[in-house]
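The structure appears below as structure tokens.
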Amino acid sequence: MESENKNLVSMHERKKIAKPKMLVLCLFLIALAVFFDQYTKYLAVSNLKDQNAYVLIDKVLELYYIVNIGSSWGMLAGQKALILFISAVIVALCIFMIFKSPEDVKFIPFNISLSMIIAGGIGNGIDRIRYSYVIDFIYFKAINFPVFNVADIFVTCGAALFILLILFKYKEKDLYFMKFNQKKFREMN
């Protein structure tokens, strides 16, 4: 009976991941994704700027250099400060959720999804700060989809993964750390 209890305890301990390890993993993923985004944008500027589109799949997928002074689909064009502010709030919220997430291996996908969103926000934020626009270069010609970049892919995939996890993987009790404690807030005031 005692060895059985030890096995249960060790199984439970294996499901934990230390917060510093999780933070290092998230930081590594963010740094890698931002590097990849910035490197692909560098390649786009070096090889695609002032050039005809580079066709990868005829009438389907092209690499085409363009600048975007707005956000998604050109919305908020010319509103650099507002876009940076909104991005900074979203990135800060994602960082906060990573820090608040439980030390449990089942939250690794949760933290990865947030890291992807952070990386995309930082990647496009770097462009907005450096150039006052974002470099886009991936174009799905078959559906005439707006031209996008690697940071956009990270944000979209991270957000989609986050939504899927919230809807299908985690139960309400798993997400207790995301709830706003009104009683505690009232006590502070």
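Taking the Cβ of each residue in GLU172, GLU62, GLU103 as the centre, tally the other Cβ atoms inside 10 Å and list the residues starting with the fewest. The partial results should precede the final answer.
Details: GLU172 8, GLU62 20, GLU103 13.
Least crowded to most crowded, the residues run GLU172, GLU103, GLU62.
What ranking do TYR170, TYR139, TYR64, TYR39 get, fewest neighbouring Cβ atoms within 10 angstrom at the top? Show your work: numbers first, answer last.
On the way: TYR170 15, TYR139 22, TYR64 18, TYR39 11.
Fewest to most other Cβ atoms nearby, the residues stand as TYR39, TYR170, TYR64, TYR139.
Report the full-extension gain for the segment SER72 to PHE177: residue separation times 0.36 nm, less the Cα-Cα distance, to one decimal in nm.
Details: separation 105, 0.36 × 105 = 37.80 nm, distance 3.02 nm.
Stretched fully, the SER72-PHE177 segment lengthens by 34.8 nm.
TYR170 label point, 7 Å along Cα→Cβ, cut-off 13 Å on backbone N: hits in region 74-115?
Answer for this model: 94-115.
Quote the FRET efficiency, to the nearest 0.05, computed for TYR42 versus ILE163 with a Förster distance R0 of 25 Å and r equal to the Cβ-Cβ distance. Mind showing how you got there, number by number?
Values: r = 31 Å, r/R0 = 1.25.
With a Förster radius of 25 Å, E is 0.20.
Expressed as an acute angle from 0 to 90° and rounded to the nearest 10, what is the orientation of the C-alpha long axis of helix 2-14 relative to the principal long axis of the chain?
The helix 2-14 is inclined about 20 degrees to the chain.
With the crude spin-label approximation of a point 7 Å out along Cα→Cβ, what separation in nm comes out for SER132 versus LYS21?
About 4.8 nm separates the two model spin labels.
Hey, what angle do you get for helix 108-131 against the long axis of the chain, alpha-carbon based, 0 to 90 degrees rounded to 10?
30
Arrange THR156, THR40 by Cβ neighbour counts within 10 Å, fewest through most, would you? Write down the numbers at each step before the final one.
Numbers: THR156 15, THR40 19.
Going from sparsest to densest Cβ surroundings: THR156, THR40.
Could you state, as a whole-number percent, how many of the C-alpha pairs of the chain are farther apart than 20 Å?
63
About its Cα centre, how strong a charge dipole does region 19-167 have in debye, to the nearest 20, once Lys and Arg get +1 and Asp and Glu get -1 at the Cβ?
260
Given H placed 1.01 Å from N in the peptide plane, which residues other than close sequence neighbours of ASP104 have an amide H under 5 Å from its amide H?
ILE17
Tilt of helix 80-100 relative to the longest C-alpha principal axis of the chain, in degrees (0 to 90, nearest 10)?
Between the helix axis and the principal axis of the chain, the angle is about 20 degrees.
Under 24 Å Cα-Cα from LYS41, which lysines qualify once same-chain neighbours fewer than 8 residues away are excluded?
LYS49, LYS59, LYS80, LYS141
For a distance above 22 Å, tell me the whole-number percent of Cα pairs in region 20-124 that qualify. Before the final figure, lay out the partial values.
On the way: 2583 of 5460 pairs.
Tail of P(r) above 22 Å: 47 percent of Cα pairs.
Readers should treat all values here as calculations from the given coordinates under stated rules, not as data from a laboratory. Predicted model only: the values in this text are computed from it and were never measured. Glycine gets a Cβ as well: all are built from the backbone with ideal geometry, and neighbour counts include every protein chain shown.
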